[in-house]
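Structure, as structure tokens:
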């Protein structure tokens, strides 16, 4: 039994799917076409924009900075976030939820406000802006994700195995390393990859806290604002690939369902 | 737990307090000097009234559009999609990531003067010159932001829809409730947390956005475009801070009003 409202809704959802993935496909397709204007007709298939990207004098620095920042943010927020999630798991549900929502506050801020307040703060303290300030700033909005995901996993975690190990004389550290950690490892890796994807993606906070130097997004920003070359499409494709792949692996590992 | 809260206090609470204090300071002879004055707030409010109006209108339109489309998308995935459901939940999750700037830039290539839409219109002979009025406009800003934010709306709404059991809707239907009645009396009230958080995220991210107006807005400026220069060439950080707090306060007001309004939506 198919009624007209159902069909309209289905068509609408099909349009929304196209709306969501179309622009990604355009960027990717244009990066392989030799048309210098990024319009249809597409022109010949060509790697010219990819070569231009690789020849860009600041591309490798930006890529290296992006990877350094993302890897550090992923690792640090995984460690700190997991530690926090473990202590929350030992608390009452109510208290843990309150503390977690406090930690999530930075995610509720418009990134611009976060960025300019951090910029003025570092400036007032006389802290030089560099990759470290970017990493510290990224932790603010990546750590809550790790806490949320890991805490959700620990909520269904059976602590009896850990308690038996403790009864048999294992120190808390040994019990953690031999039992808890192996069991929740996929979740931690997944959460840390989500943190990595968020960090790679970030433009606004990076832009205000990096001082000199570039990451891939700030490089893209420079290119969009000055000369509009389709090699932006190539860098864009790289960015999309890195963040979507890490998110994809992350979601498989954490078995996170919406 | 301690390291997490240490990061939170050192890099969020402290900067925020300092930023608030800064908003009462003044710039004298190109130096920021401590003061206690409301001058910045006066300027931040009276100079930018039209900008706030535009910013909050765009934010409201974007957030409502995202919520409505999010309800439709999530509703079809939850109740109608059948074997497509897994794939359809995966698409917004994946498009959540993948480059904020790249997403906006993609719309520039679609809507721009030499963009795909203009190219198509010219080839079809519908217009001789590239259209700028339609594309470099608040409409272009809104559509780009809806594109960027829709996944942020779908996911929380879908999450709260998952707690609705099929049997509740079946029971309502068997008792004679119309599709609209089932939607309005069961689905919407049960999804309220998801709807409210979708609205909050979309609203706040739009209010703080300054990149989209620059890339696709033409001469359109939102409040973010007025705040960033204060930290750049205009060098008036205290004024920028005051503008940020005015914007935050107004945003919180809007968001609270929306969640209160949603509370009024009750089953008859």
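Numbers for the structure displayed
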item: Residue count, the range B:158-195 (criterion: part of a loop (DSSP other than H, G, I, E, B) and in contact (Cβ under 8 Å) with a residue 12 or more places away in the chain); result: 4
item: Unmet criterion (only one of (1) over 30 Å from residue A:219 (Cβ atoms); (2) within 21 Å of the chain's Cα centre (by Cα)) for residue B:120; result: (2)
item: Selection count, the range A:215-243, where residues are without any contact (Cβ under 8 Å) to a residue 12 or more places away in the chain and under 15 Å from the mean Cα position of the chain (by Cα); result: 1
item: Residue match in the range B:24-39 (condition: closer than 30 Å to residue B:146 by Cα and surrounded by 16 or more Cβ atoms within 10 Å (Cβ to Cβ)); result: no
item: Any hit, the range A:170-192, residues being in contact (Cβ under 8 Å) with a residue 40 or more places away in the chain, part of a helix (DSSP H, G or I) and within 14 Å of chain B (Cβ to nearest Cβ); result: yes
item: Criterion: touching a helix residue (DSSP H, G or I) at 6+ places or on another chain (Cβ under 6 Å), in contact (Cβ under 8 Å) with a residue 12 or more places away in the chain, under 18 Å from residue A:83 (Cβ atoms) and buried (at least 21 other Cβ atoms within 10 Å of the Cβ) - qualifying residue of A:149, A:134; result: A:149
item: Unmet criterion (only one of (1) in contact with a helix residue (DSSP H, G or I) (Cβ under 9 Å, 6 or more places away or on another chain); (2) at pLDDT 90 or above; (3) over 30 Å from residue B:116 (Cβ atoms)) for residue A:90; result: (2)
item: Every residue from the range A:41-66 that is out of contact with any strand residue (DSSP E or B) (no Cβ under 7 Å at 6 or more places or on another chain), part of a loop (DSSP other than H, G, I, E, B) and either surrounded by 12 or more Cβ atoms within 10 Å (Cβ to Cβ) or modelled with pLDDT of 85 or more (or both); result: A:47, A:56, A:58
item: Among (1) at the interface with another protein chain (Cβ under 10 Å from one of its Cβ atoms); (2) modelled with pLDDT under 85 - the single one residue A:21 does not satisfy; result: (2)
item: Close pairs (7 angstrom Cβ cut-off, 6 or more residues apart or separate chains): in contact (Cβ under 8 Å) with a residue 12 or more places away in the chain in the range A:98-111, buried (at least 18 other Cβ atoms within 10 Å of the Cβ) and not in a helix (DSSP H, G or I) anywhere; result: A:111/B:208
item: Count of residues meeting criterion [part of a helix (DSSP H, G or I) and in contact with a strand residue (DSSP E or B) (Cβ under 7 Å, 6 or more places away or on another chain)] in the range B:196-239; result: 2
item: Any hit, the range A:92-112, residues being outside any helix (DSSP H, G or I) and over 26 Å from residue B:232 (Cβ atoms); result: yes
item: For residue B:51: the one exception among (1) touching a residue at least 24 places away in the same chain (Cβ under 8 Å); (2) more than 23 Å from residue B:232 (Cβ to Cβ); (3) in contact with a helix residue (DSSP H, G or I) (Cβ under 6 Å, 6 or more places away or on another chain); (4) surrounded by fewer than 22 Cβ atoms within 10 Å (Cβ to Cβ); result: (2)
item: Qualifying positions in the range B:252-268 - touching a residue at least 60 places away in the same chain (Cβ under 8 Å), in contact with a helix residue (DSSP H, G or I) (Cβ under 7 Å, 6 or more places away or on another chain) and outside any loop (DSSP other than H, G, I, E, B); result: B:254, B:258, B:259, B:262
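The values are calculated or read from the model by the stated rules, or taken from the named source; none is laboratory data. All values reported here derive from a predicted model rather than from experimental measurement. Cβ coordinates were reconstructed from backbone atoms using ideal geometry, including for glycine residues, and neighbour counts include every protein chain displayed.
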